[in-house]
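Heads up: the structure comes next, in structure tokens.
Read-outs throughout are calculated quantities, based only on the coordinates presented, and are distinct from any laboratory measurement. The shown structure was predicted, so the numbers you read here are calculated from the model rather than taken from an experiment. A quick note on method: Cβ atoms are made from the backbone with ideal geometry, for glycine too, and the neighbour counts reach across all protein chains shown.
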Amino acid sequence: MSIVVNGVALSDRTVAYLETALWSSTVNLPCCEEDLDDDGCMDCPEGSALHGVAECEPLDDYFGIEDCDPQLLRDAESDCNDFWDHLEDVDLLESAYKYADDARIAHDFWLTRNGHGAGFWDGDYDGADGHYGRALTDAAKVWGGVDIYICENGLLHS
């Protein structure tokens, strides 16, 4: 199953990946610290996409997947598809499915590739087999980290 957001078809696993991205990332406003008010918000007029958005708060407090720029959505879908293909190529996908479904794997892919202190390596994928968490971590790290930032138009980019 998939949904279309801002003209981009997203698989369920990519939706889970993006939800994790928004949940685990914080607001980094497109301005200097001196331009923030006492509440840590930009001085934006009411009705502006960034009015009332506070620096360093979780992105998902203010933004949803529908606030993502189409290129960010395409990149997320591509990264998820490429990661799944890679896991299949190196015979790790079937092992990952012993411990998690697509949504959980996507969640852990985001967390692991960005070094969030949780993910594949924290023990959930080891079971009696012992080594899958480390192998999945090594696979995810190949993709490197991704930062999500807010443009002045209020759209999220990477």
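For this structure, a couple of remarks:
- FRET efficiency estimate (nearest 0.05) - Cβ-Cβ, residue 100 to residue 75, R0 22 angstrom: 0.45
- Taking max minus min of the alpha-carbon positions on each principal axis, the stretch 58-158 gives extents of 49, 25, 21 Å, largest first.
- Between residue 141 and residue 157, full extension at 0.36 nm per residue minus the direct alpha carbon distance yields a gain of 3.7 nm.
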